[in-house]
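Structure, as structure tokens:
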Amino acid sequence: MTVGQGNVVDATDAFAQQQLQQHLQAAMQGNVQAYQHIYQKYVGQVYALSLRLTGDAALAEDATQEVFVQVWQKLENFSHKSQFSTWLHSVTANVTISYMRKQRGWFHRMFGLESANEQQITASESLDLSQLDKCILKLPERARQVFVLHAIEGYRHEDIADMLNMAAGTSKAQFHRARQLLQEWLGDDDQ
């Protein structure tokens, strides 16, 4: 009997899901090794989203650790109604934004600065995707957060407004601002 390649992929995916469920159940019962497996599987994705939201590697690393601390403490809140990765994505966005608020408050109190993102940048005429990412990271904080959540992660403006404690119209305005800045920096003024 010959097994088609599609069945092998399905079996691999099913095994990976079964293994994840076993790790989740064990971690919910306090098994640290099971939680380490979950951490290893998802740390890259969590860090990538945190980096896009914060625009700073050190903050993203700290936020990533905070996400996994929160997930460990609140793992029993995962209801299995959606995929774990979907729940983790939502937790990551919320924890990272909350972490940034705390850090910004401390930073402002310590140094009395208005904004760490008030930099003028000029983009070269030929940009690749890594340069686009660099431009996204240089957007003002609120515009970057909204742009990442809406354009890259696919959140609706109403959901973003709830996450960032702003009006949906403000989220749309910040998204528009981010698009304008990116078009200006990328030299794409005809859109």
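The values are calculated or read from the model by the stated rules, or taken from the named source; none is laboratory data. Source: prediction; values computed, not measured. Please note: Cβ atoms are built from the backbone with ideal geometry, for glycine as well, and neighbour counts cover all protein chains shown. Protein only, heavy atoms only, side chains kept; ligands, DNA and RNA dropped before computing areas. Shrake-Rupley method; radii C 1.70, N 1.55, O 1.52, S 1.80 Å.
Pick from region 35-59 the residues that are open to solvent by 80 Å² or more (accessible area, probe 1.4 Å) and in contact (Cβ under 8 Å) with a residue 12 or more places away in the chain: which of them is farthest from His23 (Cα to Cα)?
Arg52
For Val71, state whether it is surrounded by 14 or more Cβ atoms within 10 Å (Cβ to Cβ), aliphatic (A, V, I, L, M), part of a helix (DSSP H, G or I) and within 10 Å of the chain's Cα centre (by Cα).
Answer is no for this residue.
State all residues of region 164-175 that are aliphatic (A, V, I, L, M) and under 14 Å from Arg144 (Cα atoms); if no residue qualifies, say none.
Once the filter is applied, which keeps residues that are aliphatic (A, V, I, L, M) and under 14 Å from Arg144 (Cα atoms), region 164-175 yields Leu164, Ala173.
Is there any pair linking a residue in region 60-81 that is touching a residue at least 40 places away in the same chain (Cβ under 8 Å) to one that is of a type in the set (Gly, Ala, Ser) and surrounded by 11 or more Cβ atoms within 10 Å (Cβ to Cβ), with Cβ under 7 Å and at least six apart or on different chains, and which?
Between residues of region 60-81 that are touching a residue at least 40 places away in the same chain (Cβ under 8 Å) and residues that are of a type in the set (Gly, Ala, Ser) and surrounded by 11 or more Cβ atoms within 10 Å (Cβ to Cβ), the close pairs are Leu75/Ala27.
Kindly provide the set of residues from region 145-176 that are over 12 Å from the mean Cα position of the chain (by Cα), open to solvent by 30 Å² or more (accessible area, probe 1.4 Å) and among the hydroxyl-bearing types (Ser, Thr, Tyr), ordered by number.
Of everything in region 145-176, just one residue is over 12 Å from the mean Cα position of the chain (by Cα), open to solvent by 30 Å² or more (accessible area, probe 1.4 Å) and among the hydroxyl-bearing types (Ser, Thr, Tyr), namely Thr170.
Which one of the conditions (1) closer than 23 Å to Val67 by Cβ; (2) at pLDDT 85 or above does Met100 fail to meet, given that it meets all the rest?
Exception for Met100: condition (2).
Any residue in region 169-188 that is of a type in the set (A, V, I, L, M, F, W, C) sitting within a Cβ distance under 6 Å of a residue that is modelled with pLDDT under 90 and not in a helix (DSSP H, G or I)? List the pairs, counting only those 6 or more apart or interchain.
Taking only residues 6 or more apart or on different chains, the pairs are Trp185/Ala123; Leu186/Ala123; Leu186/Leu127.
Six or more apart or on different chains, Cβ under 8 Å: which pairs go from a residue in region 19-33 that's closer than 18 Å to Val69 by Cβ to one that's part of a helix (DSSP H, G or I) and open to solvent by 90 Å² or more (accessible area, probe 1.4 Å)? Could you list them?
Here the result reads His23/His37; Ala27/Trp72; Met28/Glu76, each pair linking region 19-33 to a residue that is part of a helix (DSSP H, G or I) and open to solvent by 90 Å² or more (accessible area, probe 1.4 Å).
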